[in-house]
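J.: Below is a structure I'd like to ask you about.
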């Protein structure tokens, strides 16, 4: 019998892997860059919610979360350096489907509770939770070796064409 949670996890992980692969091919950035961007965005959403709601109690959530983000970005940077130097991949708990689904379910329920109790005031916090779920799935993706980006290839083609167009015409030999 098919487990609906395993099916959902497969869909989410497949989508995250496709995104990482296509984005790397387009931009040349590895999945580690996207990992750092998404997890920092979640902290920005939490801080935004703290400042806009003016609820001092949120400091209890935002400050420890910021420390966690600081540690996570340092760890992601170390993993990226190690991967680029020796193609070594670290396996973590996020590579286990059960852990990913548990985290996703916890944060999905937090989104529901926040929106139910706080309404629009919890919008930024909910975006922070969603960013965290996205980070969990991007962190579980398999990194690809660095490659030349499509943007770089297009840019080089444009430069070559411009260079050809701007070359002076050869002088004709007249007798």
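J.: Would you pick out the residues in the range 6-19 that are farther than 15 Å from residue 133 by Cα and touching a helix residue (DSSP H, G or I) at 6+ places or on another chain (Cβ under 9 Å)?
T.: Here is the first cut: in the range 6-19, the residues farther than 15 Å from residue 133 by Cα are 6-7, 18.
6, the sole residue that qualifies.
J.: Condition (residue is within 24 Å of residue 123 (Cβ to Cβ), under 13 Å from the mean Cα position of the chain (by Cα) and either touching a residue at least 40 places away in the same chain (Cβ under 8 Å) or surrounded by 12 or more Cβ atoms within 10 Å (Cβ to Cβ) (or both)) applied to the range 51-62: is it met by at least one residue? Spell out the reasoning first.
T.: Start the filter on the range 51-62 by keeping residues that are within 24 Å of residue 123 (Cβ to Cβ), which leaves 51-62.
Filter again for under 13 Å from the mean Cα position of the chain (by Cα), leaving none.
So far as the range 51-62 goes, no, none of its residues is within 24 Å of residue 123 (Cβ to Cβ), under 13 Å from the mean Cα position of the chain (by Cα) and either touching a residue at least 40 places away in the same chain (Cβ under 8 Å) or surrounded by 12 or more Cβ atoms within 10 Å (Cβ to Cβ) (or both).
J.: If residue 63 satisfies all but one of (1) over 15 Å from residue 142 (Cα atoms); (2) in contact with a helix residue (DSSP H, G or I) (Cβ under 9 Å, 6 or more places away or on another chain), what's the number of the condition it fails?
T.: Only one criterion in (1) over 15 Å from residue 142 (Cα atoms); (2) in contact with a helix residue (DSSP H, G or I) (Cβ under 9 Å, 6 or more places away or on another chain) is unmet by residue 63, namely (2).
J.: Now for a different question. Looking only at residues that are within 15 Å of residue 129 (Cβ to Cβ) and touching a helix residue (DSSP H, G or I) at 6+ places or on another chain (Cβ under 6 Å) in the range 21-46, which one is modelled with the lowest pLDDT?
T.: Among them, the one singled out is 46.
J.: Within the range 20-39, identify whether any single residue is over 30 Å from residue 154 (Cβ atoms) and surrounded by fewer than 17 Cβ atoms within 10 Å (Cβ to Cβ), and answer yes or no. Working first, answer last.
T.: Step one: filter the range 20-39 for residues over 30 Å from residue 154 (Cβ atoms), giving none.
No: the range 20-39 contains no residue that is over 30 Å from residue 154 (Cβ atoms) and surrounded by fewer than 17 Cβ atoms within 10 Å (Cβ to Cβ).
Each row is one residue, and each column tells you yes or no for (1) over 18 Å from the mean Cα position of the chain (by Cα); (2) at pLDDT 75 or above.
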residue: 81; (1), (2): no, yes
residue: 86; (1), (2): yes, yes
residue: 116; (1), (2): yes, no
residue: 140; (1), (2): no, yes
residue: 157; (1), (2): yes, yes
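J.: Could you tell me which numbered condition residue 6 fails, if it satisfies all but one of (1) over 30 Å from residue 155 (Cβ atoms); (2) without any contact (Cβ under 8 Å) to a residue 60 or more places away in the chain; (3) over 17 Å from the mean Cα position of the chain (by Cα)?
T.: Status for residue 6: all satisfied but (2).
J.: List pairs: first residue in the range 81-107 and assigned to a loop (DSSP other than H, G, I, E, B), second residue modelled with pLDDT of 70 or more and exposed (fewer than 15 other Cβ atoms within 10 Å of the Cβ) anywhere in the structure, Cβ distance under 6 angstrom, at least six positions apart or on different chains.
T.: Qualifying pairs under 6 Å: 88/82.
The values are calculated or read from the model by the stated rules, or taken from the named source; none is laboratory data. Computed from a predicted structure; not experimentally measured. Methodologically, a virtual Cβ is constructed for each residue, glycine included, from the backbone with ideal geometry; neighbour enumeration extends over all protein chains shown.
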